[in-house]
Amino acid sequence: MTSARRLTTSYWFVASLAVGYAILVLLAWIGALYADVYPISGRAWTMVAWLWLIWPIVLAFHPARSLARVAIPVAIGLAFLTPCIPVLWEYTAWLLEGFIR
């Protein structure tokens, strides 16, 4: 396997992890909202959901990056996270309000 091929393969593996991470955040949210199943606490889910923002940075600094290679997995991940964003934002504000007071 050539070096360029190895870099491309590792890039798509990292991109798949980013999308998979977004799917796991979505599934945890769906489980808590609709099935009353709480795999992790609300605070932990909030932290995990916000940590997804690290994935676009990781993709942007990978040696095999290009605009399309970064934009496609980020767009797919954001599409999976879109239903969670209002709840994430409100829950974050509620958590931070407890720290401010």
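The values are calculated or read from the model by the stated rules, or taken from the named source; none is laboratory data. Every value quoted in this text rests on a predicted model; they were computed, and no experiment measured them. Neighbour counts run over all protein chains shown; Cβ positions are idealised from the backbone, glycine included.
Take ARG69 and decide whether it is at pLDDT below 90 and surrounded by 16 or more Cβ atoms within 10 Å (Cβ to Cβ). Answer is yes for this residue. Scanning segment 1-19 for residues that are touching a helix residue (DSSP H, G or I) at 6+ places or on another chain (Cβ under 9 Å) and either within 11 Å of GLY77 (Cβ to Cβ) or outside any helix (DSSP H, G or I) (or both) gives MET1, ALA15, SER16, LEU17, ALA18, VAL19.
Can THR82 be described as without any contact (Cβ under 8 Å) to a residue 12 or more places away in the chain and of a type in the set (Val, Ile, Thr)? So THR82 fits the description; yes.
Do the conditions hold for ARG43, that is, is it part of a helix (DSSP H, G or I) and touching a Leu at 6+ places or on another chain (Cβ under 7 Å)? Judged against the criteria, ARG43 is a match. Here the condition is being loosely packed, with under 12 Cβ neighbours inside 10 Å and under 15 Å from the mean Cα position of the chain (by Cα); of LEU27, LEU53, LEU17, LEU78, it holds for LEU53 alone.
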